[in-house]
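See below for the structure under consideration.
The values are calculated or read from the model by the stated rules, or taken from the named source; none is laboratory data. What you are looking at is a predicted structure, and each value in this text was computed from that prediction instead of being measured. Every residue, glycine as well, gets a Cβ built from its backbone with ideal geometry; the counts of neighbours run over all protein chains shown.
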Amino acid sequence: MNFNQIVTVYLKELRDALRDRRTLVSMFIVPTLVIPIIILGFGVVTAKIIRKARAETPGVMLLGAKDSPEIRAALAAHPRIRIVPARDDFRTLISNKSLRAAVELPDDFDAALLESRPSTVRLYTYDGEIKSGFATGELDRFFRDYREKAIQARLSERGLPAALVRPYEITRQNVAPPEKVGGNLVGGFIPYVIILLCFTGAMYPAMDLTAGEKERGTLETLLCSPVGRTEIVLGKFLVVLTSALSTVVLAGISAMATFPLGALLFAPEAGPARAVGSAAVAAARSPMPQIDPLGFLASLAMVAPIAVLFAAGLLALSLFAKSYKEAQSYVSPLIVVIILPALSAMLPGVELNLQLSLIPILNVSLVCKELVSGIFHWGHLSLIFASSCVYAAIALALAVRMFNRETVLFRT
Amino acid sequence: MIVAQGLTKSFHDKKRGQIMAVQDVSFTCHPGRIYGLLGANGAGKTTTLRMLATLLKPTHGTATVAGLSVTERPAEVRAQVGFLAASTALYARLTARETLAYFGRLNGLPAAEVAARTQRLADDLEMHEFLDRRVDKFSTGMKQKTSIARTLIHDPAVIIFDEPTLGLDVMAARTILRFVRDCKARGKTVIYSTHIMSEVEKLCDTIGIIHGGRLLAEGSLADLRARYAETDMEEIFIKAIGEKEAA
C-alpha cells in the first residue's frame, strides 16, 4: 500500500470537499447550530408558552352548586381562576379551548359538607393542553385545600388532634447528582442527535466523491493515473471520515457550550419549582440539565467507530450509483434505518444488555445515555467499541471491494 | 509501443445475457505513429482502449504497453500512458495549476518537477492567463488545454485518445488535433479512436476498422483505398463492415 498516494488523494479530496457548499453546510454549519437551536430554541419557546399560560387567569365554569352559596363565594374569591356563567355545551367549549376547565358539584354541596354526607367534585379538563392543565391544577388544589380545612374543622369541633387523620407526612429527597438527573433527561437525546449529524456529515461527501465523480467524469480521469484503487478508496474514505468526525466534534463542542449558556439564560427563571405534573414545565422552571463532561467526551469517542461505519458504508453504497441523484435515492431511506435504533434508545425502560450491546447504533445510543449520566460500565463499553470496530472494518472492506469491481466503477 | 494480442472482453447483462464487447482484437502501434481506431458507437473502441489503459481487465488475450503487460503490471502501464477522452473530465473546484499538481504527484513526480513541467506546459499551451482560476469558470477551449496538460504532465510514452473531439466546437477540436500531431512529432505512440471519418483521414498512419467488437480491416489509408477500391473513407468503412454483415 502506497501511503503517499493515499495522502495525496486525501488532501486533494479534502480541498475539493471544502469548496463544496453542501459539504460545508453539513460539515460545519448544521452540527454547530442544531443542538443550540434545539435546546435553547425549544427551551426559550417552551418557557415563553408556560409564562404566558401562567399569566392568564383561566376561565372556569361552575356547574351545579345552586343551593351552595358558600362554595360559590369561595370559588369566586379565588384570585387565580375566573368563574364564567354555566352553559350546557361546556364540553364543546373546553374542546375548542374557549373554556379552560369546568367543575361540577352537587346542588347541595354546602349542606352535604355540613352534614358529613359524601359528595363528588367532578373536574372537566382537556388532557395534554397546557392552559387547561393549569386551570384544572388550580381547581384540584383549591378543592384539596377546602377539604383539608373541612377535616380540620370537624376534628377541632370534636377536640381531636390533626394527626388522627394524618398520622405521618411524606417528603421526598433527591440523592442523584445534577449530572445524573440531566443525563436521564438528555441522555437519550444527545447521542441521537450526534449520531444523526454524523450520518449527514458523511452523506454528502460520500455521494459527491463517488457517484458525483462518476457523473462528472472525473472518476475515470483519476482511474487512469498510476494510483491504485485501494489507495483511491482509502483517500476518499478518510475525507468522508474527516467530515463525519468533524461533525461529531463540532456538535460535541456546540453541546458542551450550549448547556452552560442555557443555564445562564434560564437561571433567572429558576424559582421554587412546583409539581404541576408536566415534565416540560418542570424542565422550563429548572436550570438547564447538567451532563457529566467526562462521560460526554467518552460518548463522542464511542461514536467514532460509528463514523467509520457510516463513512465506509455510504462510500460503498454511493459508488454503486451511476449519478448523484441515484445515490441520494439509495442513501436517503437509510436515515430511517439510522433513526430507528437511535430513537429506540430514548424509549423509557430500554436498558443495555449483552444482546443489545451487539446491535449497531442502538448499542452506542444506549451506552451514551449511561455515559452522559456519569455511569461507566467498562464491560459494555469494551464490547460495544469492539463490535462497532468490527462492523466498521467490514464496511470498509466492502467499500474497497466495490472499488475494485469494474461492473461497479463503469456501471452504465 | 502498444501490442494487442487477441484482446477479448465480455460482460454479463441481466437482460441481454453475455455480451461480447470486444472479440479477439490484435494490432500494433509504433512510436512516432498514429493508430486510428475507427468505428461506430458501440463498436468496442472504448472498451478496447480501456483495456489498454488498464481500466478494464481483458477476459481473454493480452496487451503490452511500452513493453509492460496490462494484466500483470497495470500501475506501471498507467504511469506510461496519457489518456484523454470525452469522458475524462476535470475537477471543477480545482484550478488548472492544482489539477496539474495533483496528477503530477499521483504520478510520483517531485514538487519541483511538477512546477517546472507546469510552467513548460503553460508556455506551450498558452495557459498562463487562467492557470490559477477554477476549472468551473473555464471556456471549452480552456478546459481542453487543461486536459491536454493533465495528459502530458508525466510525459507519457503512450497517449490514448478516445473520441477526444466529441461534442467540441471546431476551434476546440482543432486544438486537440494539433496536439495529437505534436505527440506524433515528439515520437510518442498514439492511438486515436473516433467515429469521424475525416479525422482518421487527416491524422492516422494506420487505420483499424472495428465493428461488433471485431477488428475487420487494418492498414494505411492507401492500403484501405486499394483494398476496397474507394477513395472516400466513409465508403471504405461501409464496405468493410458490409463484408462482415454479408458474412
Residues of segment B:1-34 classified as under 12 Å from B:LEU52 (Cβ atoms) and in contact with a Cys (Cβ under 6 Å, 6 or more places away or on another chain), total | 1
Those residues of segment A:362-409 which are of a type in the set (Ser, Thr, Tyr) and out of contact with any Gly (no Cβ under 8 Å at 6 or more places or on another chain) amount to A:SER382, A:SER387, A:SER388, A:TYR391, A:THR407
Are any of the residues in segment B:192-201 in contact with a Pro (Cβ under 6 Å, 6 or more places away or on another chain), of a type in the set (Gly, Ala, Ser) and not in a helix (DSSP H, G or I)?
-> no
Residue check: is A:ILE71 in contact (Cβ under 8 Å) with a residue 40 or more places away in the chain, of a type in the set (Val, Ile, Thr) and out of contact with any Phe, Trp or Tyr (no Cβ under 8 Å at 6 or more places or on another chain)?
-> no
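For every residue, the table says whether it meets (1) farther than 15 Å from B:TYR91 by Cα; (2) buried (at least 22 other Cβ atoms within 10 Å of the Cβ).
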site	(1), (2)
A:TYR192	yes, yes
A:PRO205	no, yes
A:GLU213	no, yes
A:ARG229	yes, no
Does A:ARG72 count as more than 14 Å from every other protein chain (Cβ to nearest Cβ), assigned to a helix (DSSP H, G or I) and at pLDDT 90 or above?
-> yes
Given (1) buried (at least 24 other Cβ atoms within 10 Å of the Cβ); (2) touching a Phe, Trp or Tyr at 6+ places or on another chain (Cβ under 7 Å), index of the condition A:SER243 fails = (2)
Extreme residue, nearest to the other protein chains (Cβ to nearest Cβ), among residues of segment B:103-127 that are within 20 Å of B:LYS137 (Cα to Cα) and more than 21 Å from the chain's Cα centre (by Cα) | B:THR118
Does A:LEU264 satisfy the condition of being more than 10 Å from chain B (Cβ to nearest Cβ), free of Cβ contacts under 8 Å to residues at least 40 places away in the same chain, of a type outside the set (Phe, Trp, Tyr) and under 24 Å from A:VAL34 (Cβ atoms)?
-> yes
Considering segment B:25-60, residues that are small (Gly, Ala, Ser) and buried (at least 19 other Cβ atoms within 10 Å of the Cβ), and then whichever is nearest to B:PHE83 (Cα to Cα), we arrive at B:ALA53
Any idea how many residues of segment B:188-197 are closer than 18 Å to B:THR64 by Cβ and either surrounded by fewer than 20 Cβ atoms within 10 Å (Cβ to Cβ) or acidic (Asp, Glu) (or both)?
-> 0
Please note which helices (runs of 4 or more DSSP H) are completely contained in segment A:319-412 and include at least 3 residues that are more than 14 Å from chain B (Cβ to nearest Cβ).
-> A:324-331, A:334-344, A:362-371, A:378-403
How many residues are in a loop (DSSP other than H, G, I, E, B), modelled with pLDDT of 90 or more, within 14 Å of the chain's Cα centre (by Cα) and buried (at least 21 other Cβ atoms within 10 Å of the Cβ) when one looks only at segment B:129-167?
-> 1
Inside segment B:1-25, can you point out the residues that are within 18 Å of B:ALA66 (Cβ to Cβ) and touching a residue at least 60 places away in the same chain (Cβ under 8 Å)?
-> B:MET1, B:ILE2, B:VAL3
Please give the number of the condition B:LYS244 fails out of (1) charged (D, E, K, R); (2) at pLDDT 90 or above; (3) in contact with a Leu (Cβ under 7 Å, 6 or more places away or on another chain).
-> (2)
In segment B:31-89, the residues that are of a type in the set (Gly, Ala, Ser) and within 10 Å of another protein chain (Cβ to nearest Cβ) | B:ALA53, B:ALA75, B:ALA79, B:GLY82, B:ALA85, B:ALA86, B:SER87, B:ALA89
Considering segment A:75-108 alone, what residues qualify as being assigned to a strand (DSSP E or B) and not hydrophobic (A, V, I, L, M, F, W, C)?
-> A:ARG82, A:GLU104
Hey, among A:THR210, A:THR221, A:THR230, which residue is part of a helix (DSSP H, G or I), in the same structural domain as A:PRO36 (by TED's automatic domain parsing), touching a strand residue (DSSP E or B) at 6+ places or on another chain (Cβ under 9 Å) and modelled with pLDDT of 85 or more?
-> A:THR221
Residue that is farthest from B:LYS45 (Cα to Cα), among those in segment B:69-110 that are free of Cβ contacts under 8 Å to residues at least 40 places away in the same chain, crowded, with 19+ Cβ neighbours inside 10 Å and of a type in the set (A, V, I, L, M) | B:ALA101
If a residue has to be in a helix (DSSP H, G or I), out of contact with any Leu (no Cβ under 8 Å at 6 or more places or on another chain), among the β-branched types (Val, Ile, Thr) and away from every other protein chain (no Cβ under 12 Å) to count, how many in segment A:1-59 make the cut?
-> 10
Could you list, in sequence order, the residues of segment A:75-125 that are of a type in the set (S, T, N, Q) and either closer than 20 Å to A:ALA150 by Cβ or touching a Ser or Thr at 6+ places or on another chain (Cβ under 7 Å) (or both)?
-> A:SER116, A:SER119, A:THR120, A:THR125
Please verify whether segment A:24-38 includes one or more residues that are hydroxyl-bearing (Ser, Thr, Tyr) and crowded, with 16+ Cβ neighbours inside 10 Å.
-> yes
